[in-house]
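Here is the structure we will look at, set down as structure tokens.
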């Protein structure tokens, strides 16, 4: 008899779950009753599924994400450049570097391949809050294999300078450089 009751409860539980207003399984293709087309859903106050189409939305026909507010990028951990053969990891969009001494990188590649269309912002900071040692990157024309297409043959990145690059699928191309 216990087995029969248990079997009945197991068979009944999916029906009870599917009709419950308390909790539902959300899957790709599931309708969201109060959602609007192009909504980007997120977890809002109180853990509720929320949307804010005035701030962020997705255009499926153009595969584009629209953000009317500010976009922020988490900082990477500071990459200390200890040798001319070191590479700069593009493991974040906003990458912090610092030389333990003035360094001109000769590594090939200087920055390992990224994803096509990936953007990286490289900023030099002081690794010990007192000493600023710049790091010089070299264009692919100067040293074959650096994988860098810069706006000059070299770029010295020192205190608070910013170098912005985009990966083309073949090499990192300079978008902008700001020497502060």
Condition check for residue 57: surrounded by 10 or more Cβ atoms within 10 Å (Cβ to Cβ), outside any loop (DSSP other than H, G, I, E, B) and either under 29 Å from the mean Cα position of the chain (by Cα) or at pLDDT below 85 (or both): yes
Some residue of segment 5-18 being modelled with pLDDT under 90 and either assigned to a strand (DSSP E or B) or on the phi > 0 side of the Ramachandran plot (or both): no
Residues of segment 77-96 that turn out to be exposed (fewer than 13 other Cβ atoms within 10 Å of the Cβ) and under 21 Å from the mean Cα position of the chain (by Cα), as a count: 2
Test: residue in segment 66-74 that is buried (at least 18 other Cβ atoms within 10 Å of the Cβ) and either part of a strand (DSSP E or B) or over 24 Å from the mean Cα position of the chain (by Cα) (or both): no
Of all residues in segment 29-41 being in contact with a strand residue (DSSP E or B) (Cβ under 6 Å, 6 or more places away or on another chain) and farther than 24 Å from residue 119 by Cα, the one that is surrounded by the fewest Cβ atoms within 10 Å (Cβ to Cβ): 41
Members of segment 146-168 that are assigned to a loop (DSSP other than H, G, I, E, B) and at pLDDT 95 or above: 146, 147, 150, 151, 152, 153, 168
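The values are calculated or read from the model by the stated rules, or taken from the named source; none is laboratory data. Predicted, not measured: the structure shown is a model, and the values here were computed from it. Heads up, the Cβs are rebuilt from the backbone with ideal geometry, glycines too, and the neighbour counts pull from every protein chain shown.
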